[in-house]
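The values are calculated or read from the model by the stated rules, or taken from the named source; none is laboratory data. Predicted model only: the values in this text are computed from it and were never measured. In this analysis, Cβ positions are derived from the backbone assuming ideal geometry, glycine residues included, and neighbour counts consider all displayed protein chains.
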Amino acid sequence: MKLTYVGHSCFLLQTARHRLLIDPGEFCAPADAAPLAELACDFVLLSHGHDDHSGRAFEVAQAHSATIVANFEIAEYFAARGAKAHGMNPGGAFAFPFGRVKFTIAHHTSSLNAGHNPIYMGVACGLIIEADGKRLYHAGDTGLFLDMQLIGRGGLDLALLPIGDNFTMGPADAIEALDLLKPKTCVPMHYNTWPPIAQDAGAFARAAAARGHKVLPLKPGESFEI
């Protein structure tokens with residue numbers, strides 16, 4: 001199984017037979033990167049509705065006839081626009097052709113078109129993905145919460161955690177999250193996109209290593225074999 005960091009909180013996960021694109025939003029790829037719509041995928045998984053996580057989901061799904069997997073409100077929104085969609089909610093799981101997805105809680109908000117008239121997009125979520133004998137956790141945008149210890153009980157090959165602070169966990173809370181989750185490897189996300197979430201991922205990796213955790217910061221375009 002291969003994971004490629006697209007940027008921000010967006011990842012391409014390649015299983016034995018399928019390609020999953022997680023959180024394809026605005027600003028998630030460097031300016032010199034290939035357009036997101038050129039990233040072939042079978043499924044688009046969304047943690048919540050904010051533009052930096054779901055802003056490019058529709059065009060990617062339409063370009064590749066991919067199914068959008070998201071909370072109920074987001075799935076219904078994109079289905080009404082003509083996309084194939086599968087709605088879920090925290091605590092629920094479903095067996096897809098590539099494997100099993102379970103939605104978890106996340107402490108965050110969820111909307112589209114931020115401004116005077118934002119569109120409510122249900123609750124923010126995290127994603128547990130089980131495929132090819134591996135178990136991954138994409139935390140989405142969230143603060144630290146104690147129930148992360150329950151997520152980690154099944155064993156995690158990989159945790160994708162936000163470290164940017166301001167809107168989500170910062171590095172200190174992300175290390176606390178690693179103490180609860182106990183993944184084999186962590187890849188940080190949701191940092192350095194804008195000044196309010198500027199962080200030193202290397203410093204985070206070193207601090208986490210001092211607590212016994214393996215952190216692998218990836219640059220956009222870099223991949224990791226799980």
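Among the conditions (1) under 16 Å from the mean Cα position of the chain (by Cα); (2) free of Cβ contacts under 8 Å to residues at least 40 places away in the same chain; (3) crowded, with 22+ Cβ neighbours inside 10 Å, the only one that HIS190 does not satisfy is (2). Report yes if some residue within region 195-208 is of a type outside the set (A, V, I, L, M, F, W, C), surrounded by fewer than 16 Cβ atoms within 10 Å (Cβ to Cβ), assigned to a loop (DSSP other than H, G, I, E, B) and modelled with pLDDT under 95; otherwise report no. No - not one qualifying residue is present in region 195-208. Restricted to region 17-91, the set of strands (runs of 3 or more DSSP E) holding at least 1 residues that are free of Cβ contacts under 8 Å to residues at least 60 places away in the same chain and within 21 Å of GLY221 (Cβ to Cβ) comprises 19-22, 43-45. When residues in region 209-221 are screened for being within 18 Å of VAL6 (Cα to Cα) and part of a helix (DSSP H, G or I), 0 of them pass. Against the test of being in a strand (DSSP E or B), of a type in the set (Gly, Ala, Ser) and closer than 25 Å to LEU216 by Cα, the options GLY140, GLY126, GLY154, GLY164 yield a single qualifying residue, GLY126.
Please enumerate the residues belonging to region 170-183 that are part of a loop (DSSP other than H, G, I, E, B) and under 21 Å from GLY154 (Cβ atoms).
Restricting attention to region 170-183, the residues satisfying the condition of being part of a loop (DSSP other than H, G, I, E, B) are 170, 182-183.
Matches in region 170-183: LYS182, PRO183.
Report yes if some residue within region 138-155 is closer than 24 Å to ASP52 by Cβ, charged (D, E, K, R) and surrounded by 15 or more Cβ atoms within 10 Å (Cβ to Cβ); otherwise report no. Can you show your working first?
So the first thing to find is which residues in region 138-155 are closer than 24 Å to ASP52 by Cβ, and the list is 138-145, 148, 151.
Filter once more, keeping what is charged (D, E, K, R): 141.
Next, only the ones that are surrounded by 15 or more Cβ atoms within 10 Å (Cβ to Cβ) stay: 141.
Yes - at least one qualifying residue is present in region 138-155.
Under the condition of being touching a strand residue (DSSP E or B) at 6+ places or on another chain (Cβ under 6 Å) and closer than 18 Å to VAL44 by Cβ, the residues counted in region 107-121 number 2. Quick check on region 51-77: of everything there that is crowded, with 20+ Cβ neighbours inside 10 Å and touching a helix residue (DSSP H, G or I) at 6+ places or on another chain (Cβ under 6 Å), which residue is farthest from ARG19 (Cα to Cα)? Selected residue: ARG56. In this entry, SER9 passes the filter for residues that are touching a Gly at 6+ places or on another chain (Cβ under 8 Å), among the small types (Gly, Ala, Ser) and closer than 17 Å to PRO220 by Cα. Any residue that is in contact with a strand residue (DSSP E or B) (Cβ under 9 Å, 6 or more places away or on another chain), within 19 Å of PRO30 (Cα to Cα) and at pLDDT 95 or above - is there at least one of those in region 170-185? Among the residues of region 170-185, not one is in contact with a strand residue (DSSP E or B) (Cβ under 9 Å, 6 or more places away or on another chain), within 19 Å of PRO30 (Cα to Cα) and at pLDDT 95 or above, which makes the answer no.
Per-residue answers, yes or no, for (1) at pLDDT 95 or above; (2) surrounded by fewer than 24 Cβ atoms within 10 Å (Cβ to Cβ); (3) within 22 Å of VAL6 (Cα to Cα); (4) touching a helix residue (DSSP H, G or I) at 6+ places or on another chain (Cβ under 7 Å):
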| residue | (1), (2), (3), (4) |
| --- | --- |
| PHE96 | yes, yes, no, no |
| THR109 | yes, yes, no, no |
| ILE119 | no, yes, no, no |
| ILE128 | yes, yes, yes, yes |
| ASP132 | yes, yes, yes, no |
| ASP165 | yes, yes, yes, yes |
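Is it true that some residue in region 122-135 is touching a Leu at 6+ places or on another chain (Cβ under 6 Å), under 23 Å from ILE68 (Cβ atoms) and without any contact (Cβ under 8 Å) to a residue 60 or more places away in the chain? Yes: region 122-135 contains one or more residues that are touching a Leu at 6+ places or on another chain (Cβ under 6 Å), under 23 Å from ILE68 (Cβ atoms) and without any contact (Cβ under 8 Å) to a residue 60 or more places away in the chain.
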